[in-house]
Amino acid sequence: MRRSVMALRAALIGVFISVCAGQSSTVQSTFSGWTDGESGTKNTLYSVDMFEPGKAWAAGAFDTVLYSIDGGSTWEEKPTLRPEAQWRSISSTDYCYPNPDTRPGRFPFFCESGRQAWVVGDYGYIARTVDYGETWVSQSSNIEWVYLTENMGQIDSITFWSVQAIDADTAYIAGDKGTLLKTINGGVTWTSLNSIPANGADLYQVYMHTNISGYVVGGGGAILKTTNAGRTWRRMASSVTTTLKSVATYAAVPLTRPTFFNPYTPEYNMTYVVGDQGVVLRSTDGGESFNLVTGCNTNQRPDFWNVVFRSNENDWYGEHLVEGWILGSTGTVCVSEMNMGESWRTQMQGGVELEQIGIYRDLNPISVGKNGALKVYVGAPPPPPPPPPPPPPPSP
């Protein structure tokens, strides 16, 4: 894995160098580690999901759905045929189907990573594919997608802001007015979950870090947590009232090296939540309490809407270091470099606004954003070579 990651990183750097040779205007600041890619669209991309080395989905405005099999170097359009759709979130899982060859000794099922995906967005739209986007099936949430506001009976629409697929049958959706949905049959039916602790606030991300445990965040400082696969949700004390947009967790490093008789069971007790007005919250006790963290463009206090973490491949041995990113307004990108989010620094600012970062294990993240922007993180560039030694003095 480590060798393949290094090879991918070298290849991406090579592509970047060749692109820069032909078009210098694409060069980003050399310290950021983010290089420009080409999505093939000028429509805003709101969401990206990486799921297997080299494979990714992206989704955005005006029915833009893209699929890549080469780490984001090239993308193929996979529209759902709803041209008005504004897809806010996309999530993919493995899809397994029976092996048509039923002879003895054959595997009974085939499983393909990324074959299935859900997209959700404005007007309460939901669509699902099980064939890499060749066909899409619209699904109904059984929730009226329009509601009457208190202002003169004006009609407004329900937006689904986030979807997370758990497996081929199970997925969660979060949206406006405290909407929280779950399916356990591939989206044939969607069931409303009890989101009463949200007090009707708009919910912007659902994040399940295990099959049964996860969070939802939203307006009014809402942080909801479940430990029973969404049957009940408990409101956690966030200590803020600003709108919260994104949440991410990771497992803490064990204090002792695991053995065969005492394996390491990860506990996802490190939790980060970000939101408007520069809010960054950190919990070290599984969400029971949160503290404000500073350092990410603190002076300007931009709105933050995405936080993600990745770790290297040695996390089973307790030797991993965690790297994280935060995205926000005014083109803000902040990074926490190998210190588990204890401190942050501004990595980019003032450029194109990026909406979301896709992470898959320890591979290079992909970010997407306004006007079809796409960037790949390849790490900081190597230091420049040392200057040549001075010429020897002339002979007397």
Look through Asn299, Asn306 and report the one residue that is outside any loop (DSSP other than H, G, I, E, B), modelled with pLDDT of 70 or more and not hydrophobic (A, V, I, L, M, F, W, C). Asn306
In the stretch 153-193, residue farthest from Glu355 (Cα to Cα) [restricted to those that are part of a loop (DSSP other than H, G, I, E, B) and touching a Leu at 6+ places or on another chain (Cβ under 8 Å)]: Gln154
Any chance Gly60 is crowded, with 18+ Cβ neighbours inside 10 Å and in contact with a helix residue (DSSP H, G or I) (Cβ under 7 Å, 6 or more places away or on another chain): no
The condition from (1) touching a Lys or Arg at 6+ places or on another chain (Cβ under 8 Å); (2) in a strand (DSSP E or B); (3) within 30 Å of Lys177 (Cα to Cα); (4) not basic (Lys, Arg) that Gly114 misses is numbered (3)
Just to be sure, is Ala59 of a type in the set (Gly, Ala, Ser), modelled with pLDDT of 95 or more and under 17 Å from Asp167 (Cα atoms)? no
Quick one: in the stretch 131-150, which of the residues that are at pLDDT 95 or above and at negative phi is most open to solvent (accessible area, probe 1.4 Å)? Glu134
Counting only residues that are surrounded by 15 or more Cβ atoms within 10 Å (Cβ to Cβ) and not in a strand (DSSP E or B), which one in the stretch 80-111 is nearest to the chain's Cα centre (by Cα)? Gln86
Examine the stretch 230-238 for a residue that is modelled with pLDDT under 90 and under 30 Å from Tyr46 (Cα atoms), and state whether such a residue exists. no
Give the stretch 223-233 a look and list any residue that's without any contact (Cβ under 8 Å) to a residue 60 or more places away in the chain, in a strand (DSSP E or B) and touching a Lys or Arg at 6+ places or on another chain (Cβ under 7 Å), or say none. Leu224
Test Asn211 against the criterion of being surrounded by fewer than 24 Cβ atoms within 10 Å (Cβ to Cβ), touching a residue at least 24 places away in the same chain (Cβ under 8 Å) and not in a strand (DSSP E or B), and give yes or no. yes
State the number of residues belonging to the stretch 264-278 that are assigned to a loop (DSSP other than H, G, I, E, B) and modelled with pLDDT of 95 or more. 0
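The values are calculated or read from the model by the stated rules, or taken from the named source; none is laboratory data. In this text, all values refer to a predicted model and were calculated from it rather than measured experimentally. Ideal geometry is used to build each Cβ from the backbone, glycine not excepted, and the neighbour counts take in all protein chains shown. Please note that ligands, DNA and RNA were not included when accessible areas were found on the heavy atoms of the full protein model with its side chains. Shrake-Rupley method; radii C 1.70, N 1.55, O 1.52, S 1.80 Å.
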